[in-house]
Amino acid sequence: MYMTNYFNVNNPATGELIQKVKINTEDEINLSLKNGHESFKEWSKINAHERSRLIQKWSKKVNENKEELAEIMTKENGKPLSESLGEIDYSLAYLDWYAEEAKRIYGRTIPANTESKRIVVTKEPIGLVAAITPWNFPAAMMARKAAPALAAGCTFIVKPASETPLTGMKFIDLAHEAGIPKDAIQYVNGRGSVVGDLFTDSDYVRKITFTGSTPVGKNLIKNSADTIKHVTMELGGHAPLIIAEDADLDYAAKQTVGTKFRNAGQTCVCANRILVHENIIDEFTDKFVAEVKKLKIGNGLEDGIDVGPIINKKGYDKIVDQINNAKKNGAEVMVGDKYDADKENGYFFIHPTVLKNVNTDMTIMHEETFGPVAPITSFKTIEKAVELANSTPYGLAAYFFTNDYRTGNYLHDHLQFGIVGWNDGGPSAAHAPFGGMKESGLGREGGIEGIEPYLETKYMSIGGF
Ligand code: SIN
């Protein structure tokens, strides 16, 4: 993909070249970091109400350019146009939420232990924030980092994913058009590892925020240690989805299709293991497969497409290996296991696939798939379902379907995941704290929690002994 000074951005549905993007040199990136640091002095002093107004203006610009942004996204990412439009709305929700939160950065006073003293706690922006954002949600993941950073008074620099930089670049151009100073929010392009090292090595950067794989996240954490940077990490997932014996199976089948096949299964939160009570597994599977068969696969720019391509050959090969490994170990293909790939032209489609009789010997039950494959296995008791669900180093999202409040409360209390959907296949929302436990990450994005990681706490004690 990388040539001397440029890299190609290709349409994953056709393999066609969309645009060549300039790779920034190390000097250019270091200069941007310096400018971001310098700009912090002014941006952090701008009144919170004015920062709020500027973020609102940015939101308005994004809204006005929604169709264009969505089309760019579908071309470079492959997701259906309806999903791209949905992602722009999701991004707008982050801009709007944090435009409001800018005005709600409160401190507090603490009763002191002597008459003469006062203790006052205030919050300050931490400084320049460097972000690395993923290709699966090129707008929303940037919005949910940039909006709280700017709202807090931090300056922001991002390296968008090399597969999908165009959406993010346009998004940031719109921030400048809205009046946000050009060094307060910037992008740079280049190889992930090179830019990541420049970000973590830089004394100007006070925080690293990353959405992507767990191994890359671990490296960024290690490399941030020398300068004790703040870190927020949104890493991999391996979500269980539990269908209890009493669940409404028609509803659960539809919701499961929604969470599993959104963005062709290329999301960190999508259901990766479907655990169904043994007494209803055949009935659920029939209903689920019937829904899956309705999905239309193809180029996301065409009408009525539900599932687009896999982003690249590496992702495609991993998914195919998982399907083959499951089949070799006894899984039964209920639908799918069909491919439309052209290595020369560079497009890779995998038809939505449902596998039954999967077991824990199969890689699909241990590794994140990031693809349109739904493996189904059974459980006897809800305690066993929890044991199976928690038997992973990941802890991002989990789902369950039941109308019994005791089962629901038990599952809520015992699932070790940061996001839990109860009869809900789509729990993500700008106003809720998105993030994972265990090796799925550190910190939360969204909601009132999402601005805290961009703030330092300072207290002042007034008066003497
Ligand atoms: C992700 O899967 O990377 C994010 C999905 C979301 O915000 O819903």
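The values are calculated or read from the model by the stated rules, or taken from the named source; none is laboratory data. Treat the numbers as computed from the prediction; the structure is a model and nothing was measured. Here the Cβ is made from the backbone with ideal geometry for all residues, glycine too, and neighbour counts use every protein chain on show. The accessibility values were calculated without ligands, DNA or RNA, using every heavy atom of the protein model including side chains. Shrake-Rupley method; radii C 1.70, N 1.55, O 1.52, S 1.80 Å.
Taking all protein chains into account, the per residue accessible area for the chain stands at 42 Å² (1.4 Å probe). Residue by residue, region 416-424 carries 3J(HN,Hα) couplings of 9, 9, x, 10, 10, x, 9, 6, 9 Hz when phi is fed to the Karplus relation 6.51 cos²θ - 1.76 cosθ + 1.60 (θ = phi - 60°); x denotes Gly or Pro. Farthest towards the positive end of the charge dipole of region 239-429, among the residues F349, F284, N359, is the Cα of F349, using unit charges on the Cβ of Lys, Arg, Asp and Glu.
Annotation: extensible slack from T457 through N5 equals 158.5 nm (criterion: 0.36 nm per residue apart, minus Cα-Cα distance).
Pairs from the list K159/K313; K66/K338; K182/K313; K34/K343; K222/K458; K159/K328 with a Cα-Cα gap above 30 Å: K66/K338; K182/K313; K34/K343; K159/K328.
Taken about its Cα centre, the chain carries a charge dipole of about 1200 debye when Lys and Arg each add +1 at the Cβ and Asp and Glu each add -1 at the Cβ. Heavy-atom accessible area, probed at 1.4 angstrom with all protein chains present, ranks D317, D303 as D303, D317, highest first.
The residue list Y339, I311, M233 was ranked by how far each Cα lies along the charge dipole of the chain toward its positive end, using unit charges on Cβ atoms, and M233 comes out on top. With n ≥ 4 as the cut-off for DSSP H runs, can you work out [θ] at 222 nm for the chain, using -39500 (n - 2.57) per run divided by the number of residues, rounded to the nearest 500? Rounded to the nearest 500, it is -12000 deg cm²/dmol.
As a fraction of the 1.4 Å probe accessible area of the chain, surface on carbon and sulfur atoms comes out at 50 percent.
Each Lys and Arg adds +1 at its Cβ and each Asp and Glu adds -1 at its Cβ; summed about the Cα centre, region 3-109 shows a dipole of about 560 debye. When only alpha carbons of the chain are considered, Rg and Dmax amount to 23.0, 78 Å. On a 0 to 90 degree scale, rounded to 10, what angle separates helix 66-77 from the longest Cα axis of the chain? For helix 66-77, the angle is close to 60 degrees. The loop-placed GluC sites (Glu not before Pro) in region 279-317, going by DSSP, that have at most 16 neighbouring Cβ atoms within 10 Å of their Cβ come out as E302.
For region 158-310, the relative contact order is 15 percent, taking Cα pairs closer than 8 Å that sit 6 or more residues apart in sequence and dividing their mean separation by the residue count.
At the residue level, S59 shows approximately 10 square angstrom of accessible surface with a 1.4 angstrom probe and all protein chains present.
So, counting K/R as plus one and D/E as minus one, what does the shell of residues with Cβ under 12 Å around N77 add up to? List each step's numbers first, then the result.
Values: positive: K75, K79; negative: E71, E76, E83, E87, E163.
Every neighbour counted, the sum reads -3.
If contacts are Cα pairs under 8 angstrom and at least 6 residues apart, what is the relative contact order of region 239-429 in percent? Could the numbers behind the result be given before it?
Values: 379 pairs, mean separation 54.3, N = 191.
Computed value for region 239-429: 28 percent relative contact order.
When only Cα pairs below 8 angstrom with a gap of at least 6 residues are kept, the chain shows a relative contact order of 19 percent.
For region 239-429, the spherically averaged projection of the C-alpha convex hull amounts to 10.5 nm². Relative to the first principal axis of the alpha-carbon coordinates of the chain, what is the inclination of helix 165-177, with its axis defined by its Cα atoms, in degrees from 0 to 90 and to the nearest 10? The angle comes out at about 30 degrees.
With a sphere of radius 10 Å drawn around the Cβ of V276, what net charge do the other residues whose Cβ falls strictly inside it have (Lys, Arg +1; Asp, Glu -1)? Walk me through the numbers on the way to the answer.
Values: positive: K356; negative: E245, E278, D282, E283.
Here the count lands on -3.
Under a model in which nothing but the beta-carbon of Lys, Arg (+1) and Asp, Glu (-1) is charged, region 239-429 shows a dipole of about 400 debye around its Cα centre. Here the spin labels are modelled as points 7 Å beyond Cα on the Cα-Cβ line, and at I448 and K343 they lie 5.5 nm apart. Along the axis of the charge dipole computed for the chain (Cβ charges of +1 for Lys and Arg, -1 for Asp and Glu, origin at the Cα centre), the listed residues N219, L411, A244 are led at the positive end by N219. For region 272-368, trypsin sites (Lys or Arg not before Pro) are listed when DSSP marks them as loop and at most 14 other Cβ atoms sit within 10 Å of their Cβ; the list is K293, K294, K296, K338, K343.
DSSP loop (so not H, G, I, E, B), at most 12 other Cβ within 10 Å: list which chymotrypsin sites (Phe, Trp or Tyr not before Pro) in region 52-130 pass both filters. It would help to have the intermediate numbers written out before the result.
Details: sites: W58, Y90, Y94, W97, Y98, Y106; in loops: Y106.
Listed in order of number, the matching sites are Y106.
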